[in-house]
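Working notes for the structure below.
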Amino acid sequence: MGKTLDDFYNDLGARESGGNYKAVNTAGFIGKYQMGEAAMVDAGYYKPKTHVHYDKNIWDGSFTGKDGVYSVEDFLNSPQAQENAQRIYKQKQWSYIKNFAPKYDGTTINGIPITQSGMLAATHLLGQTRLQEYLQSNGNIVKKDGYGTSIEEYLQKFAGYDVSEITGLKNEDVAVQAPPPPVQANTRPAIITNPTKTYTYDFGTPYKLQVEKND
């Protein structure tokens, strides 16, 4: 049996926060999936006061009351709201990339199978623009988030899940049957020093450094 949509959400949450619904990181991203202001707007849970804060979430706007969420604290205390919000958000994210992502599905870039689930995860990490840059440059533009997590890590780690319920497309057989091998520690320096590649740091959704928010 292949990797299911539920597996995708469980593994994404584990990578984002260790599965901790109350996690808040140093840039103000919240919950199991480390959602920021922009993601919460897309999911219909939040209205910014003036504009969305992307790099450092201020949360000075207002919550819509969806699923009974009227504050950051309400969201952190509601696993169901977080699961609902993430599923709505993934549908929205696919709508952002569906015009260019499908033609790359089933291809390989820098030894990484490009799949629907990997592209969704990469969009979660750095947004649709960074994903498009990577794909269109054939892997020569490799962006990272503010904590140094590469878009390639997410493309590789989350390859081959069945997310057809989100995309409405059949997964490429090669992507499901041949998940990428784990990255060896001694391969990364060779990639970093490749003069044809450009690595820059970009504050998308930060990860790794979660701290518990006191209620």
Output for the range 103-162, where each listed residue is part of a helix (DSSP H, G or I), among the small types (Gly, Ala, Ser) and free of Cβ contacts under 8 Å to residues at least 40 places away in the same chain: ALA122
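Rundown of residues vs (1) in a helix (DSSP H, G or I); (2) under 19 Å from GLY160 (Cβ atoms), yes/no style:
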position: ASP11; (1), (2): yes, yes
position: GLY28; (1), (2): no, no
position: TYR33; (1), (2): no, no
position: TYR54; (1), (2): no, no
position: ILE58; (1), (2): no, no
position: ASN84; (1), (2): yes, no
position: TYR89; (1), (2): yes, no
position: TRP94; (1), (2): yes, yes
In the set GLN136, GLN156, which member is surrounded by 16 or more Cβ atoms within 10 Å (Cβ to Cβ) and among the polar types (S, T, N, Q)? GLN156
Return the pair list, or none, for Cβ contacts closer than 7 Å from residues in the range 49-73 that are closer than 21 Å to LYS32 by Cβ to residues that are of a type in the set (S, T, N, Q), at least 6 apart or on different chains. PHE63/SER71; ASP67/SER78; ASP67/GLN80; ASP67/ASN84; GLY68/SER78; VAL69/SER78
Run VAL24 past the list (1) farther than 20 Å from GLY148 by Cα; (2) of a type in the set (Val, Ile, Thr); (3) not in a loop (DSSP other than H, G, I, E, B) and report the number of the one that doesn't hold. (1)
Just wondering, is there one or more residues in the range 110-125 that are more than 18 Å from GLU16 (Cβ to Cβ), surrounded by fewer than 16 Cβ atoms within 10 Å (Cβ to Cβ) and among the β-branched types (Val, Ile, Thr)? no
When restricted to LYS90, LYS32, the only residue buried (at least 21 other Cβ atoms within 10 Å of the Cβ), basic (Lys, Arg), touching a Ser or Thr at 6+ places or on another chain (Cβ under 6 Å) and modelled with pLDDT of 95 or more is LYS32
All-but-one check, ALA85 against (1) closer than 14 Å to GLY36 by Cα; (2) buried (at least 20 other Cβ atoms within 10 Å of the Cβ); (3) touching a Pro at 6+ places or on another chain (Cβ under 7 Å), failing number (3)
Picked from the range 67-81 (must be over 22 Å from the mean Cα position of the chain (by Cα) and in a helix (DSSP H, G or I)), the residue surrounded by the fewest Cβ atoms within 10 Å (Cβ to Cβ) is GLY68
Determine, yes or no, whether GLY18 is out of contact with any His (no Cβ under 8 Å at 6 or more places or on another chain) and more than 24 Å from THR129 (Cα to Cα). yes
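The values are calculated or read from the model by the stated rules, or taken from the named source; none is laboratory data. Nothing here was measured: the structure is a model prediction, and the numbers come from that model. Cβ sites come from the backbone with ideal geometry, for glycine too, and all protein chains shown count toward neighbours.
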